[in-house]
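Structure first, commentary second.
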Amino acid sequence: METVVYKAVSGCEILADIYPVVCKAPSPVLVLIHGGALIGGNRKGIRPVLRDVCARDGIAQVSIDYRLAPETKLPTIVEDVEDAFRWVRGEGARRYNLDPARVGVLGWSAGGYLSLLAGCRVEPRPRVVVSFYGYGDIAASWYAEPDPFHCQQPAVSREEALASVGSEPVSDPPPGKDRFRFYLHCRQQGLWPKEVAGLDPRTQRAELDSYCPLRNVTPAYPPTLLFHGTADTDVPYQQSVDMAGALAQNGVPHELVTIDGGGHGFDGGVKFADLQAIHPSPGVRAFDRTLSYLKQYL
């Protein structure tokens with residue numbers, strides 16, 4: 001693994017971890033996008049088992065950071081993702097023997113959202129999109145109104161929320177602050193679109209729609225694999241159902257894998273040795289399906 005600066009802006013270096021494979025021919029590559037509600041997390045927040053099985057099967061990986069909200073708003077975050085793909089297809093391809101024509105994307109939660117958004121905003125389009133409990137509609141009530149599940153927790157005040165974040169751009173949160181407190185405040189108050197996207201769904205719906213993958217699917221959208229648990233309390237299962245419906249309506253090859261009773265992060269904790277289990281867990285089955293899907297389209 002090597003770590004590189006794929007972009008530097010406003011005094012903020014944005015990093016990517018490169019997991020190349022050793023082969024004579026240029027290798028296909030999978031861009032990995034971490035979750036964290038676009039507020040927290042970093043490029044290390046990927047599943048080691050996915051890294052291992054991709055390496056085994058000759059698929060290089062590039063796990064990226066991107067600037068985080070609320071210090072940076074969604075339009076600029078998306079620019080970081082677009083620039084990451086440009087780097088992968090340009091300098092990354094030259095330095096690490098990557099095939100710029102065989103680039104896919106996979107993400108978890110908010111990273112799943114960014115992966116779905118890459119399917120309609122990145123040019124050239126990724127060859128394949130994989131979303132683990134991602135979402136296609138950031139203007140819907142689940143994100144734009146107080147969330148009943150998160151409201152069961154003690155209320156986070158505005159002052160506490162702001163104290164948990166900063167004012168300067170950041171792509172890899174420094175230790176010492178719990179940025180989840182800002183996220184929890186947003187969910188309790190229904191403020192995520194306004195605080196993270198910088199757009200108010202009540203008055204700027206058209207602008208917000210341009211950042212909703214659900215409303216931007218066309219027949220040119222890449223083949224897509226969706227995973228979602230029916231018991232997800234953070235991102236509604238219906239988000240992936242709706243995305244699958246939009247893909248079907250446009251004739252896009254896709255598959256929705258429903259994890260009955262699965263929660264947010266159902267695929268966590270899977271080890272490489274688990275892939276040989278006689279009775280595989282939902283997470284193991286998900287990674288098996290992911291690899292076969294990637295091989296089909298990459």
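The values are calculated or read from the model by the stated rules, or taken from the named source; none is laboratory data. What you see is a predicted model; the values in this text were computed from it and never measured. Here Cβ is always computed from backbone atoms with ideal geometry, including for glycine, and neighbour counts include all displayed protein chains.
Restricting to the stretch 244-298, count the residues that are within 18 Å of Gly112 (Cα to Cα) and among the aliphatic types (A, V, I, L, M).
Final tally of qualifying residues: 10.
With Arg205, Arg187, Arg127, Arg121 as the choices, which residue is of a type in the set (D, E, K, R) and either free of Cβ contacts under 8 Å to residues at least 24 places away in the same chain or in contact with a strand residue (DSSP E or B) (Cβ under 6 Å, 6 or more places away or on another chain) (or both)? Let's see the steps before the verdict.
On the way: Arg205 fails: either free of Cβ contacts under 8 Å to residues at least 24 places away in the same chain or in contact with a strand residue (DSSP E or B) (Cβ under 6 Å, 6 or more places away or on another chain) (or both); Arg187 fails: either free of Cβ contacts under 8 Å to residues at least 24 places away in the same chain or in contact with a strand residue (DSSP E or B) (Cβ under 6 Å, 6 or more places away or on another chain) (or both); Arg121 fails: either free of Cβ contacts under 8 Å to residues at least 24 places away in the same chain or in contact with a strand residue (DSSP E or B) (Cβ under 6 Å, 6 or more places away or on another chain) (or both).
Sole residue among the options that is of a type in the set (D, E, K, R) and either free of Cβ contacts under 8 Å to residues at least 24 places away in the same chain or in contact with a strand residue (DSSP E or B) (Cβ under 6 Å, 6 or more places away or on another chain) (or both): Arg127.
With the structure loaded, tell me whether Asp234 is within 30 Å of Gln296 (Cβ to Cβ), among the acidic types (Asp, Glu) and either free of Cβ contacts under 8 Å to residues at least 12 places away in the same chain or not in a loop (DSSP other than H, G, I, E, B) (or both) or whether it fails that test. First the steps, then the outcome.
On the way: within 30 Å of Gln296 (Cβ to Cβ): yes; among the acidic types (Asp, Glu): yes; either free of Cβ contacts under 8 Å to residues at least 12 places away in the same chain or not in a loop (DSSP other than H, G, I, E, B) (or both): no.
Judged against the criteria, Asp234 is not a match.
Scan the stretch 46-54 and tell me whether some residue there is in a strand (DSSP E or B) and buried (at least 20 other Cβ atoms within 10 Å of the Cβ).
Let us first name the residues in the stretch 46-54 that are in a strand (DSSP E or B), namely none.
No, that holds for no residue.
Hey, among Pro173, Pro193, Pro201, which residue is in contact with a Leu (Cβ under 9 Å, 6 or more places away or on another chain), farther than 30 Å from Phe287 by Cα, modelled with pLDDT under 95 and not β-branched (Val, Ile, Thr)?
Values: Pro173 fails: farther than 30 Å from Phe287 by Cα; Pro193 fails: modelled with pLDDT under 95.
Result: Pro201 is the single residue among Pro173, Pro193, Pro201 that is in contact with a Leu (Cβ under 9 Å, 6 or more places away or on another chain), farther than 30 Å from Phe287 by Cα, modelled with pLDDT under 95 and not β-branched (Val, Ile, Thr).
Within the stretch 3-23, does at least one residue satisfy the condition of being of a type outside the set (A, V, I, L, M), modelled with pLDDT under 95 and within 12 Å of the chain's Cα centre (by Cα)?
Scanning the stretch 3-23 turns up no residue that is of a type outside the set (A, V, I, L, M), modelled with pLDDT under 95 and within 12 Å of the chain's Cα centre (by Cα).
Hey, among Ala286, Ala248, Ala231, which residue is among the small types (Gly, Ala, Ser), under 19 Å from Ser109 (Cα atoms) and at pLDDT 95 or above? Explain how you work it out, then say what you get.
Numbers: Ala286 fails: at pLDDT 95 or above; Ala248 fails: under 19 Å from Ser109 (Cα atoms).
Just a single option satisfies the conditions, and that option is Ala231.
Find all pairs meeting these conditions: Cβ atoms under 6 angstrom apart; at least six residues apart or on different chains; first residue within the stretch 151-164 and closer than 18 Å to Gly176 by Cβ; second residue of a type in the set (Lys, Arg) and modelled with pLDDT under 95.
Ser164/Lys177
Are any of the residues in the stretch 169-176 farther than 25 Å from Gln204 by Cβ, buried (at least 24 other Cβ atoms within 10 Å of the Cβ) and either acidic (Asp, Glu) or touching a residue at least 40 places away in the same chain (Cβ under 8 Å) (or both)?
no
Can you give me the number of residues within the stretch 138-164 that are in contact with a helix residue (DSSP H, G or I) (Cβ under 6 Å, 6 or more places away or on another chain), hydroxyl-bearing (Ser, Thr, Tyr) and under 21 Å from Tyr113 (Cβ atoms)?
Final tally of qualifying residues: 1.
Out of Asp57, Asp17, which single residue is surrounded by fewer than 21 Cβ atoms within 10 Å (Cβ to Cβ), in contact (Cβ under 8 Å) with a residue 60 or more places away in the chain and of a type outside the set (Gly, Ala, Ser)? Outline the logic, then answer.
Details: Asp17 fails: in contact (Cβ under 8 Å) with a residue 60 or more places away in the chain.
After applying the criteria, what remains is Asp57.
Failed condition for Thr72, given (1) touching a Lys or Arg at 6+ places or on another chain (Cβ under 9 Å); (2) within 19 Å of Pro169 (Cβ to Cβ), with all others met?
(1)
Residue pairs, Cβ under 8 Å, 6 or more apart or interchain, first in the stretch 263-286 and hydroxyl-bearing (Ser, Thr, Tyr), second not in a loop (DSSP other than H, G, I, E, B). List them.
Close Cβ pairs satisfying both conditions: Ser281/Asp274.
Of the residues Arg181, Arg202, only one is of a type in the set (Lys, Arg) and surrounded by 15 or more Cβ atoms within 10 Å (Cβ to Cβ); which?
Working: Arg202 fails: surrounded by 15 or more Cβ atoms within 10 Å (Cβ to Cβ).
Matching residue, one of Arg181, Arg202: Arg181.
Please report, ordered by residue number, the helices (runs of 4 or more DSSP H) entirely within the stretch 67-162 with at least 2 residues that are crowded, with 23+ Cβ neighbours inside 10 Å. Full working, then the answer.
On the way: elements: 74-87, 93-96, 110-121, 141-144.
Those helices (runs of 4 or more DSSP H) span 74-87, 110-121.
Does Tyr211 meet the test of being within 24 Å of Phe132 (Cβ to Cβ), among the aromatic types (Phe, Trp, Tyr) and touching a strand residue (DSSP E or B) at 6+ places or on another chain (Cβ under 7 Å)?
Details: within 24 Å of Phe132 (Cβ to Cβ): yes; among the aromatic types (Phe, Trp, Tyr): yes; touching a strand residue (DSSP E or B) at 6+ places or on another chain (Cβ under 7 Å): no.
In short, no.
Of everything in the stretch 168-192, what is part of a loop (DSSP other than H, G, I, E, B) and within 26 Å of Thr3 (Cβ to Cβ)? Give them in sequence order. Let's see the steps before the verdict.
Just the residues of the stretch 168-192 that are part of a loop (DSSP other than H, G, I, E, B), to begin with: 168-179, 190-191.
Across the stretch 168-192, the qualifying residues are Glu168, Pro169, Val170, Ser171, Asp172, Pro173, Pro174, Pro175, Gly176, Lys177, Asp178, Arg179.
Please enumerate the residues belonging to the stretch 241-278 that are surrounded by fewer than 17 Cβ atoms within 10 Å (Cβ to Cβ) and part of a strand (DSSP E or B).
Matches in the stretch 241-278: Glu255, Thr258.
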